[in-house]
Ligand code: ZN
């Protein structure tokens, strides 16, 4: 056990910071010191921003995005094409696509991928919410923006099967119901890569050259 160099308040701050992505104990110490040295300019406003985030941030009941309102800013944006929906694994993927402004569509966040080995089944993902949205008939195309990993592809196939089964059931009740087109992001998305790490040009290319799936 290393000796404590600072009081419990500072040690607690360092310990929490070291749990942030990309920060180890050494960089957490550096960040903590930087925050403390810049108390008025950084530590106080950061603390206020965090308190506000704790109070206001919520998960959108429609798409699974994280925002300060539910339905979120994207779901309530009437300038978006309501017939186009991009399905992603994580909120970070949604944010990456939005940051790159590559598509003017709605989104649906699954919250992960199917992974039997890790005990993640269909009920653990927001697939029922997706089917509830497509059942309304307004969505014409689903773009599967899942990663090119085995889990991502298994998830893509499962969703496609579910959408096709739904379309069949809907058509039996109403012959005029048209099934959605399902497409997938084109190559350029590296194996095991996450959308968040891609540059705008690659994301735009992946959207533009999307291919039919299923
Ligand atoms: Zn939303």
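A few remarks follow.
- Relative contact order, percent, the chain [alpha-carbon distance under 8 Å, six or more residues apart]: 15 percent
- Here the chain has an Rg and Dmax of 21.2, 73 Å, counting Cα atoms alone.
- For the stretch 1-78, a Kirkwood hydrodynamic radius built from all Cα pairs, placed in the Stokes-Einstein relation at 10 °C and 1.306 mPa s, yields a translational diffusion coefficient of 107 µm²/s.
- Where both bridge residues fall in the stretch 66-212, DSSP classifies roughly 20% of the beta bridges as antiparallel.
- Against the compact-protein benchmark of 2.2 N^0.38 Å, the Cα-based radius of gyration of the stretch 69-157 scales to 1.09.
- Whole-angstrom Cα spans of the stretch 1-41 along principal axes, big to small: 33, 24, 12
- Cα-only radius of gyration and Dmax that characterise the stretch 92-214, units Å: 14.7, 44
- Structural size metrics of the stretch 115-162, computed from C-alpha coordinates, are Rg and Dmax of 11.6, 36 Å.
We did not get these values from a lab; they are worked out from the coordinates using the rules stated. None of these values were measured; they are calculated from a predicted model.
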